[in-house]
Amino acid sequence: MKKREIHRKAIQCAFPYTIPIFAGFWFLGITYGILMDASGFSCWYPMFMSLTIFAGSMEFVAVNLLMGHFFPLQAFFMALMINARHIFYGISMLEKYRGTGWKKFYLIFGMCDESFSINYTADIPQDVDRGWFMFYVTLFNHFYWFSGATLGGIFGSMIQFNTEGLDFVMTAMFVVIFMEQWLKDQDHSSAFIGLAVSLICLLVFKAKYFIIPSMIMILLMITLKKYKGEKQ
Amino acid sequence: MTLSQQMITIGCIVLATMLTRFLPFLLYPEHKKVPDYIVYLGQVLPGAIFGMLVIYCLKDVRLLTGSHGIPEFISIGVVVILHLWKRQMLISIAGGVICFMVLVQMFF
């Protein structure tokens, strides 16, 4: 097969899978860009951050972090904990990303929830190159997020309507993600642990410092739960 | 924050995000076995982390002063009902945000 033919087939096969992501990423990406603008950041911030971080929920958290006190260690550990789930995507993709050559680096770099979901579940036809299929899925998703965030960042300064309360999009997004996880899980104890431990830590350590103690406590509690479960 | 402090913060986030994505591929290059504990964490950690993130979003809500968190709780209720009803992520999020914006701009 000619090189052009390989690309054409991979794009034709990959694009339809990414259409729902396009809608979602533009909605959230534009909102993110507008939020950055409303928070006083120039459009270069959402452009740069959507290209380099490419982890939607973390970028919303990053808006708050950038507006708070300088605390890089907390930013590092928050990003680590929020994106910890990627470790497990990685474990699932060890096999699928094998033998994709130089593309493997970009595939891992761009492994957000949505790229992972498609690349993990899609039925790729025999005559379509697997590596290029997954590459284009990742690239399209990355582009949707980048263009949405950029448009929001640029467009945000032109819009005149009152954006007060727009930051609720982050809360709404996490409530939905939490519910999706809840509906998927058979056992809700880890969800309860997450809510209860964080709430207690928030009351004890206050808004500024509660995240790291919460993370440690959650890890401890779910580790304890495992050993308790094994004893029984 | 100064510009360089912001760049360091963003750099930390990029570094941590990339670490979570690359780590398994660095640790388990071929058919190396994944420890049971790591597999277990993969199954139970997400539920707890998303719970924590919901609380994180509400960390600045003051129950005793201002609007007492009423707009937040009503809007979360709207998100939950919409999501149980339609189970369309975008509809649930958009509905909750519109509800919250109307409440804080017009009533609170």
Return one number: the angle in degrees, 0 to 90 and rounded to the nearest 10, between the long axis of the Cα atoms of helix B:36-57 and the longest principal axis of the Cα atoms of chain B.
20 degrees
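Tell me the mean residue ellipticity at 222 nm calculated for chain A from its helices only (DSSP H runs of n ≥ 4, each -39500 (n - 2.57), averaged over every residue, nearest 500).
Taking each H run of at least 4 residues, the total per residue is -25500 deg cm²/dmol.
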Using a Cα-Cα cut-off of under 17 Å, which aspartates and glutamates could be cross-linked to A:Lys208, ignoring same-chain neighbours fewer than 8 residues away?
B:Asp60
Karplus 3J(HN,Hα) series, Hz, for region A:171-179 with 6.51 cos²θ - 1.76 cosθ + 1.60 (x for Gly, Pro)
4, 4, 5, 6, 4, 5, 4, 4, 5
Once phi is turned into θ = phi - 60°, what whole-Hz ³J(HN,Hα) does the Karplus curve with 6.51, -1.76 and 1.60 give for every residue of region A:129-138, x standing for Gly and Pro?
5, 4, x, 5, 4, 5, 4, 5, 4, 5
Taking alpha-carbon centroids only, region A:2-53 lies from region B:41-108 a number of Å equal to 25 Å
Of the residues A:Ala14, A:Ala196, A:Ala38, which exhibits the maximal mean-square fluctuation in a Gaussian network model of chain A defined by a 10 Å Cα contact cut-off?
A:Ala196
Of the candidates A:Phe41, A:Val63, A:Asn119, the farthest towards the positive dipole end of region A:3-163 (Lys/Arg Cβ +1, Asp/Glu Cβ -1, centred on the Cα centre) is A:Asn119
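List the relative contact order of chain B as a percent without decimals, with contacts defined as Cα pairs under 8 Å and 6+ residues apart. Please list the in-between numbers first.
On the way: 34 pairs, mean separation 17.1, N = 108.
It comes to 16 percent, rounded to a whole number.
How do A:Asp123, A:Asp167 stack up against each other in accessible area, from largest to smallest, with a 1.4 angstrom probe?
The ranking, largest first, comes out as A:Asp123, A:Asp167.
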Whichever lysines have a C-alpha closer than 30 Å to that of A:Lys231, once near sequence neighbours (fewer than 8 apart) are set aside:
A:Lys184, B:Lys32, B:Lys33
Among the aspartates and glutamates, which have Cα under 20 Å from the Cα of A:Lys225 when same-chain residues fewer than 8 positions away are ignored?
A:Asp185, A:Asp187, B:Asp36
Simple spin-label estimate for A:Ser189/B:Asp60, 7 Å along Cα→Cβ, in nm, reads 3.6 nm
To the nearest 20 debye, what charge dipole does chain B have about its Cα centre, counting +1 at the Cβ of each Lys and Arg and -1 at the Cβ of each Asp and Glu?
140 debye
So how much accessible area does A:Phe161 have, in Å² to the nearest 10, using a 1.4 Å probe?
120 Å²
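Between chains A and B, what is the buried accessible area in Å², counting both sides, with a 1.4 Å probe and ligands, DNA and RNA left out, to the nearest 100? If you can, show how the numbers build up before the last one.
Values: alone 14580 and 9390 Å², together 16750 Å².
For A against B, buried area totals roughly 7200 Å².
The values are calculated or read from the model by the stated rules, or taken from the named source; none is laboratory data. For clarity, every value in this text was computed on a predicted model and none was experimentally measured. Cβ atoms come from the backbone with ideal geometry, glycine included; neighbour counts cover every protein chain shown. The area values use the complete protein model at the heavy-atom level, side chains included, leaving out ligands, DNA and RNA. Shrake-Rupley method; radii C 1.70, N 1.55, O 1.52, S 1.80 Å.
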